[in-house]
Amino acid sequence: MAAPFEELDPLLHSQLRLAVMSLLLSVREAEFTFLKEKTGATAGNLSVQIGKLKDAGYLTMTKEFSGSYPLTRCAITPQGVAAFEAYVAALQRYLKPPDSA
């Protein structure tokens, strides 16, 4: 059994990265502009945070063009889903630590 106060995934413990993962968990794939609008983040900050999630294998990013406009899509990976679920389970253990009796 895991310790009740195990270390939380530092990648998901960031507010913006957690928001991005939460959004992608519900929609599976989203355009960069959708994520920017929903999180209220600046384009630069969101881009950096998405890059960190991509490097960790938590999401994929594809870039294409729609006409002459760039279009970036992000999709959560199975590894990202597992990491998010483990993070939520760890938080739940923080909220309900075992009895100290």
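Taking the Cα centre of the chain as origin and assigning +1 to Lys and Arg Cβ atoms and -1 to Asp and Glu Cβ atoms, the resulting dipole is close to 220 debye. Which residue, 20, 34, 48, has the largest displacement toward the positive end of the dipole of the chain when charges sit on each Cβ (Lys, Arg +1; Asp, Glu -1)? Farthest along the dipole direction, towards plus: 34.
Phi angles across the stretch 10-23 convert, under the Karplus curve 6.51 cos²θ - 1.76 cosθ + 1.60 with θ = phi - 60°, into 3J(HN,Hα) values of x, 5, 8, 7, 7, 4, 5, 5, 5, 5, 4, 5, 4, 4 Hz, Gly and Pro given as x. With 0.36 nm allotted per residue and the present C-alpha distance subtracted, the residue 62-residue 91 stretch has 7.3 nm of extension available. For residue 71, the amide hydrogen comes within under 5 Å of the amide hydrogens of 64, 65, 66, counting only partners 5 or more places away or on other chains and with H modelled in the peptide plane. Loop-located trypsin sites (Lys or Arg not before Pro) in the stretch 6-101 (DSSP state not H, G, I, E or B) with no more than 11 neighbouring Cβ atoms inside 10 Å: 28.
Every read-out reported here was derived from the displayed coordinates using simple, explicitly stated rules and does not represent laboratory data. All values derive from a computational prediction rather than experimental measurement. Using ideal geometry, Cβ is built from the backbone for each residue, glycine included, and neighbour counts are taken over all protein chains shown.
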